[in-house]
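Each value in this text was obtained by applying a stated rule to the coordinates, not by laboratory testing. Since the model is a prediction, treat every value here as computed from it, not as a measurement. Reconstructed Cβ throughout: ideal geometry from the backbone, glycine too, with neighbour counts over all protein chains shown.
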Amino acid sequence: MKIAILAGDGIGPEIMAQATKVLGALAKDGLKIEMEQAAFGGAGFDACGDPLPQATLKLAKQADAVMCGAVGGPKYDALPRAQRPEQGILRIRKDLALFANLRPAVMYPELVGASSLKPEVVSGLDIMIIRELTGDIYFGEPRGRRDNARGEREGYDMMLYSEPEIRRIAEIGFKTAMKRGNKLCSVDKENVLETSRFWREIVIDVAKAYPQVALSHMYVDNAAMQLVRNPKQFDVIVTGNMFGDILSDEASMLTGSIGMLPSASLDANSKGLYEPIHGSAPDIAGKGIANPLATILSSAMMLRYTFNLDEWAYRIEAAVKNVLAQGLRTADIHESGTRKLSTSEMGDAVVAAL
Ligand code: NAD
């Protein structure tokens, strides 16, 4: 298994070093992986004037999976749009045809106090939001501005989903549900939108191949409410690009700690790009205090979703739980009665817990 390691900028290299440390420890235990680093984001711009250098894209295409740290920083903010580090992320997602974004929101018992919701609402929470990433109103044509018949200026976008686009994301939804609690909730706006009516029809058709999975449907406005009212009713949610953009941010914040949340973006063959949901945190870069757990948990997602190695993934996740249960914390999740660790000490603690 070949993994491209794109550490990126800011805290990216610090947190990625911990994830590769964990994967390296598993390699000593028999996990057959090879890791190769390449410049990406601002680091790519510094090295070759391009946030996604040709050599980096080539490595990412050859690899079986890609791990990213984070990109961006004030140093690059004044660059023209095409050279901004964030463009590197958008381009690599497009070039690798990564259409399915998976974001788990897991509440660790030790961190319940970090949520803005009541402990009884969020304790034990473990949900997965699957967002379609390459279609919908964000990409539909036509789009633009025009003058209408009354001579007024107006802006417009096209919400559009093709049948193959809905089928492939629904398949990911059902397959993911089968790796978890066998419950899938498809979120749409079927009462108003033609696109959603079509979406629901196709999802119901795809469901015929997955009789083990209990499928339900929910309107997006209700889903937004249910996520804060009773989030534990969900197992896996599958939805389109725009609804998923909003719901996945809402769901991730149920847990309250940005440094803990991994993500995956998959193509049709389950090749994936794995990254923490947070950015490059320039305010704490270089201080050795960033939380590496989101990146370490992203590597667990990689083992599960690209390589189908559930047991190895579970070992990493169990090690993270163990470290938290020991009262070990980085600064962002530290509270009285727990022990504060640096970024690399946290990586070492996870390795020890493996
Ligand atoms: P951010 O996620 O980098 O930081 C938000 C806050 O959370 C900061 O206070 C930061 O210190 C803290 N934080 C984030 N990750 C942490 C961690 N692992 N441990 C401890 N604290 C952590 O968001 P931002 O400040 O809005 O953006 C900073 C830069 O990151 C910008 O250039 C932005 O464009 C970029 N960005 C990149 C990605 C990506 O690479 N996918 C995603 C979001 C933002």
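Values for this structure:
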item	result
Computed over segment 149-294: relative contact order in percent, which uses C-alpha pairs under 8 Å that are six or more apart	21
Global geometry of segment 83-171, whether rounded, prolate or oblate, following the gyration tensor of its Cα atoms and the 1.5 cut on a/c	prolate
MRE, 222 nm, helices only [DSSP H, n ≥ 4, -39500 (n - 2.57), over the chain, to nearest 500]	-12500 deg cm²/dmol
Cβ-defined net charge surrounding Pro231, 12 Å radius [Lys, Arg +1; Asp, Glu -1]	-1
Unit charges on C-beta of K, R, D, E only; dipole of segment 237-354, Debye	340
Relative contact order computed over segment 1-119 (Cα-Cα under 8 Å; 6+ residues apart), in percent	31
Cα principal axis extents for segment 207-354, largest first, Å	48, 33, 28
Among Arg168, Arg146, Arg197, residue whose mean-square fluctuation peaks in a GNM of the chain (springs only between Cα atoms under 10 Å)	Arg146
Compactness of the chain as Cα Rg over 2.2 N^0.38 Å, two decimals	1.00
Nearest-20 debye value, the chain charge dipole, Cβ charges on Lys, Arg, Asp, Glu	340
Diffusion constant of segment 4-65 at 37 °C, which comes from Stokes-Einstein with the Kirkwood Cα-pair radius and 0.692 mPa s, µm²/s	268
Signed unit charges on C-beta, dipole axis of segment 1-114, positive-most listed residue Gly44, Ile92, Gly73	Ile92
Additional length obtainable on full extension of the chain from Ser116 to Asn182, 0.36 nm per residue less Cα span	20.9 nm
Relative contact order (%) - criterion: Cα under 8 Å, at least six apart; region: the chain	21
Dipole moment magnitude, nearest 20 debye, segment 3-80 about Cα centre, only Lys, Arg, Asp, Glu C-beta charged	180
Where a label projected 7 Å from the Cα of Arg81 along Cα→Cβ would reach, residues of segment 134-153 with amide N under 16 Å	138-140, 143-145
Pair Ile246, Asn230: separation of 7 Å Cα→Cβ label points (nm)	2.2
Per-selection metrics, segment 273-314 (Cα): Rg and Dmax in Å	12.6, 36
Three-way shape call for segment 183-236 based on the alpha-carbon gyration tensor, with the a/c threshold at 1.5	oblate
Extended-chain gain in nm, criterion 0.36 nm per residue less alpha-carbon gap, Ala209 and Glu152	15.6 nm
Residues listed by number, segment 150-175, amide nitrogen under 17 Å from Glu194 label point at 7 Å toward C-beta	156-163
Cα gyration tensor, segment 221-283 - rounded (a/c under 1.5), prolate or oblate	oblate
Subset of Lys179/Lys232; Lys21/Lys118; Lys118/Lys321; Lys118/Lys175 violating a 25 Å alpha-carbon distance limit	Lys21/Lys118; Lys118/Lys175
